[in-house]
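Structure first, commentary second.
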Amino acid sequence: MYVDEKRKTVRVESRIPIAVSGHGTESLGMTINISLNGVYFTSEVFIESLKRVKMGLVVPYSEDNDNTVRAEFDGVVVRTEPEEEKPDCTEYKVAVFITFLPKRSREILSTYINKLL
């Protein structure tokens, strides 16, 4: 079955820590995949859809991963799974559309994504 890909940027699998704020608390998560338009990550904290968030990633910048740089951006939550907070849930999967990506952060993410291709 053929599925038409609607994404305009390349998405790569990546497992790096991500910090999220602006949803009533600060939390940490781990990316599942990332592109220049969005990030999909796991979170121990429920974040409701349409919530505006600020995010930061510490990205490996060298081949040996000893050097890192921080990329920061703003986004809006487009999906959280499960869709509502559950008392027994220990991990939520959150998709964020990036709404503001400063030039330097765009360069950092672009370099990182291209390195993973």
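The values are calculated or read from the model by the stated rules, or taken from the named source; none is laboratory data. Please read these numbers as outputs of a predicted model, since none were measured by experiment. When we count neighbours, we look across all protein chains shown, and the Cβ atoms used for this are built from the backbone with ideal geometry, even at glycine.
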Could you tell me whether Thr111 is over 17 Å from Arg11 (Cβ atoms), over 15 Å from the mean Cα position of the chain (by Cα) and at pLDDT below 95?
no
For the subset of the range 11-37 comprising residues that are loosely packed, with under 14 Cβ neighbours inside 10 Å and either among the small types (Gly, Ala, Ser) or not in a strand (DSSP E or B) (or both), which member is nearest to the chain's Cα centre (by Cα)?
Arg15
Check on Leu36, closer than 16 Å to Tyr112 by Cα, modelled with pLDDT of 95 or more and either out of contact with any Ser or Thr (no Cβ under 7 Å at 6 or more places or on another chain) or of a type outside the set (Ser, Thr, Tyr) (or both):
yes
I'd like to know if the range 105-115 contains one or more residues that are of a type in the set (Phe, Trp, Tyr), closer than 19 Å to Ser43 by Cα and touching a strand residue (DSSP E or B) at 6+ places or on another chain (Cβ under 9 Å).
no
List the residue pairs whose Cβ atoms are under 7 Å apart, where the first residue sits in the range 40-52 and is among the β-branched types (Val, Ile, Thr), the second is part of a loop (DSSP other than H, G, I, E, B) and surrounded by fewer than 17 Cβ atoms within 10 Å (Cβ to Cβ), and the two are 6 or more positions apart or on different chains.
Thr42/Glu91; Val45/Thr25
